[in-house]
Amino acid sequence: MRTIIEPFRIKMTEPLKITSATDRKAALDAAHHNVFLLDAEDCCIDLLTDSGTGAMSTEQWAAMMLGDESYAGSRSWKRFEESVGGITGMEHIFPTHQGRAAEGILAACVLKPGDIVPNNSHFDTTRANIEYCGAVALNLPCPEAFDTQAEAPFKGNMDIGNLRACIAEHGAEKIPFGMMTVTNNTGGGQPVSMANLREVRAVLSEHGIPFVIDACRFAENAYFVRQREAGYSNRSLTDIAQEMFSLADGATMSCKKDGLANIGGFLVCRNDEWAERFRNLLILREGFPTYGGLAGRDLEAIAVGLKEALDYDYQVYRHATVEYMVDRLSEVGVPMVRPAGGHAVFLDVRQMLPEMNPLHYPGIGVVNALYLAGGVRAVELGTVMFGHFDADGNEQPSPLELVRLAFPRRVYTQSHFDYLIEVIEQVWKERGTIPGHRITQQPKMLRHFTCHFKPLND
C-alpha cells in the first residue's frame, strides 16, 4: 500500500498561512534572500529543520504538568536521569538547554588549540564548537558517502583506514577523542552500522583515545540497524540503542530531535575526571547540574520523548514518509541522495544544476526557488554551510551540494507531503531559471544562519 497511516490521532491544530507568489517574493527580499531570516508565519510548509519543531504526545503534555521546578534535585530531574541513564548506561548525566550547549561544554573542557577530532562527518555547530577552541574538525566519511546515488546500506560509516592514518599522522596525544554522528546528517541522513561503530571503538581503544557519539538521531539509527544489519532484525530498538551507547565513553544529544521535545539536550560520560570538568562549566554556562538550563517540565517531556522515539511503529511511519517522498520524486527524475535517509529528503543540487559554479551557491538558489514556488522552507547543506577557506584565503566548495527538507516529527500528514512533491516537481521543471547568488554580508562563524545574499541576476 502507498498510503501512509500516521500512528496517532490529531488532537490540536495550528492554522497554516497560505501566501501568494507576490507575498513570498516580498518576504524573501526583506529577508535578504536567506530563508533563516524569514518570519515563520510566512512559511506554509516549514522544513528548515527537524530540531525542536515536532509535536509532543498526550503523555508528554501530561508529564509536563508534573514538572517540579525546584532549583536542585527535583523529581523531574530524577525521572530525566532514569530515562537517559536507562538508554545510555552512562554514569554521569548533565542536562543542557540544547545539543550545541553539550557540544560546547565538551569542546571547552577537553580540547586545546591544535587538537584533532576525527568524525564520520561533523554537523555545523559541532564543527564550529571544535574550531572555536582552535582544534580541527576532521571528516572521515566512508567512500560511498560521496556517491549520492550509491544504494549502500550504511553510507554514514567512518572510513577506518583513514582513521588509522589520522592517528598515525598526528599521534594519539593530539586526538583527545574521536566522534561519530548517528545518523550522519551532513551526508544525507545516512545510518552508521553497529559493525562500523565497533571498529571505530576498537581502533580508538587501541590508542587510548576516548569515543564520543553525537546521538541526536540515535533512535533513527537504531531503526536502520534493525532493518539492514544482520543479527538485529529481532532486536528491540531500545536494545540496539543500549548496545550502541555501550561502545562509547560519552555522548552529546540534542533532545530536540529523537527526544521528541521542543527544547533540551544532554551530555553524558563515564569518565570521572571529564564529569568534574563538565559539571563546573555547566554551572557557569547552563545552571545547576540537575536542571542544566531547562525547566522541570522540559525534563519531564524529554524523559517521556526518549522512550517514545524508540517505539517501532513510530519509526516505521517516519521512515515510510521519507521513502514515499523519495520514490515519488524519483519517478520524475529529481536527483536525491539514495537510499532514503531517516529524517529528511536531501536534493542533490550538483546534479540539479551541474553547470552552476559552486561558489555561486546553487543550494541557496534551490532553497529560494522552493520558497517562491510554494512557501516551502528548506535548508542548504553545501558550500555556504560546509565550505571553507584555504590558507591563502580562497573559498573552497563543499564535497557535496545538498538541500535538506527535514521533516518535523508528528506534524505534517500525507497531503502535506503530496503538496511538497508538487512544489519540488515544479522547481525541478523550472531549474533552468534558478540564479546563482553572492554573499553581501556574513559573520565569521556559522554564516548560513544570518548572512545576506543577492541573486546574480538582480
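The values are calculated or read from the model by the stated rules, or taken from the named source; none is laboratory data. What you see is a predicted model, and the numbers here were worked out from it, not measured in a lab. Glycine also receives a Cβ, built like all others from the backbone with ideal geometry; neighbour counts cover every protein chain displayed.
Just name the residue that is farthest from the chain's Cα centre (by Cα) out of those in the stretch 245-272 that are part of a loop (DSSP other than H, G, I, E, B) and surrounded by fewer than 24 Cβ atoms within 10 Å (Cβ to Cβ).
As a first pass, look at the stretch 245-272 and keep what is part of a loop (DSSP other than H, G, I, E, B): 247-249, 255-264, 270-271.
So of that shortlist, the ones also surrounded by fewer than 24 Cβ atoms within 10 Å (Cβ to Cβ) come out as 247, 249, 262-263, 270-271.
Numbers: 247: 21, 249: 21, 262: 14, 263: 14, 270: 24, 271: 26 Å.
In this case the residue turns out to be 271.
Given (1) touching a residue at least 40 places away in the same chain (Cβ under 8 Å); (2) closer than 22 Å to residue 333 by Cα, where does residue 355 come up short, assuming only one miss?
(1)
Of the residues 426, 441, which is at pLDDT 95 or above, in contact with a strand residue (DSSP E or B) (Cβ under 6 Å, 6 or more places away or on another chain) and surrounded by fewer than 16 Cβ atoms within 10 Å (Cβ to Cβ)? Walk me through how you get there before you give the answer.
Values: 426 fails: in contact with a strand residue (DSSP E or B) (Cβ under 6 Å, 6 or more places away or on another chain).
The unique qualifying residue is 441.
Of the residues in the stretch 220-244, how many are surrounded by fewer than 18 Cβ atoms within 10 Å (Cβ to Cβ), in contact with a helix residue (DSSP H, G or I) (Cβ under 8 Å, 6 or more places away or on another chain), in a loop (DSSP other than H, G, I, E, B) and free of Cβ contacts under 8 Å to residues at least 60 places away in the same chain?
2
Pick from 337, 345, 322, 326: which is within 20 Å of residue 417 (Cβ to Cβ), in the same structural domain as residue 393 (by TED's automatic domain parsing) and in contact with a helix residue (DSSP H, G or I) (Cβ under 6 Å, 6 or more places away or on another chain)? Break it down stepwise before answering.
On the way: 337 fails: in contact with a helix residue (DSSP H, G or I) (Cβ under 6 Å, 6 or more places away or on another chain); 322 fails: in contact with a helix residue (DSSP H, G or I) (Cβ under 6 Å, 6 or more places away or on another chain); 326 fails: in contact with a helix residue (DSSP H, G or I) (Cβ under 6 Å, 6 or more places away or on another chain).
Sole residue among the options that is within 20 Å of residue 417 (Cβ to Cβ), in the same structural domain as residue 393 (by TED's automatic domain parsing) and in contact with a helix residue (DSSP H, G or I) (Cβ under 6 Å, 6 or more places away or on another chain): 345.
Looking at the stretch 111-134 only, could you name the residues that are assigned to a loop (DSSP other than H, G, I, E, B), among the small types (Gly, Ala, Ser) and closer than 21 Å to residue 253 by Cβ? Lay out the reasoning, then the answer.
Taking the stretch 111-134 as the starting set, the residues that turn out to be assigned to a loop (DSSP other than H, G, I, E, B) are 111-115, 120-123, 133-134.
Cutting the leftovers down to among the small types (Gly, Ala, Ser) gives us 114, 121, 134.
Residue satisfying the conditions is 121 alone.
When the residues of the stretch 151-168 are narrowed to those that are more than 20 Å from residue 214 (Cβ to Cβ) and of a type in the set (Gly, Ala, Ser), which ends up surrounded by the fewest Cβ atoms within 10 Å (Cβ to Cβ)?
Only one residue fits best here, namely 168.
Exactly one condition in (1) under 24 Å from residue 186 (Cα atoms); (2) out of contact with any strand residue (DSSP E or B) (no Cβ under 9 Å at 6 or more places or on another chain) is not met by residue 109; state its number.
(1)
Residue check, residue 305 against (1) under 21 Å from residue 81 (Cβ atoms); (2) touching a helix residue (DSSP H, G or I) at 6+ places or on another chain (Cβ under 7 Å); (3) surrounded by fewer than 24 Cβ atoms within 10 Å (Cβ to Cβ); (4) not β-branched (Val, Ile, Thr), all met but one. Which one?
Failing condition for residue 305: (3).
State whether the residues of the stretch 387-395 include one that is touching a strand residue (DSSP E or B) at 6+ places or on another chain (Cβ under 8 Å) and under 14 Å from residue 49 (Cα atoms).
So in the stretch 387-395, the residues touching a strand residue (DSSP E or B) at 6+ places or on another chain (Cβ under 8 Å) come out as 387-390, 395.
Of the ones still in play, those that are also under 14 Å from residue 49 (Cα atoms) are none.
Among the residues of the stretch 387-395, not one is touching a strand residue (DSSP E or B) at 6+ places or on another chain (Cβ under 8 Å) and under 14 Å from residue 49 (Cα atoms), which makes the answer no.
On the basis of being buried (at least 18 other Cβ atoms within 10 Å of the Cβ), modelled with pLDDT of 95 or more, under 16 Å from residue 426 (Cβ atoms) and of a type in the set (Val, Ile, Thr), does residue 332 make the cut? Reasoning before the result, please.
Values: buried (at least 18 other Cβ atoms within 10 Å of the Cβ): no; modelled with pLDDT of 95 or more: yes; under 16 Å from residue 426 (Cβ atoms): yes; of a type in the set (Val, Ile, Thr): yes.
So residue 332 does not fit the description; no.
Tell me, which residue of the stretch 183-232 that is at pLDDT 95 or above and among the β-branched types (Val, Ile, Thr) is nearest to residue 265 (Cα to Cα)?
By that ranking, first place goes to 213.
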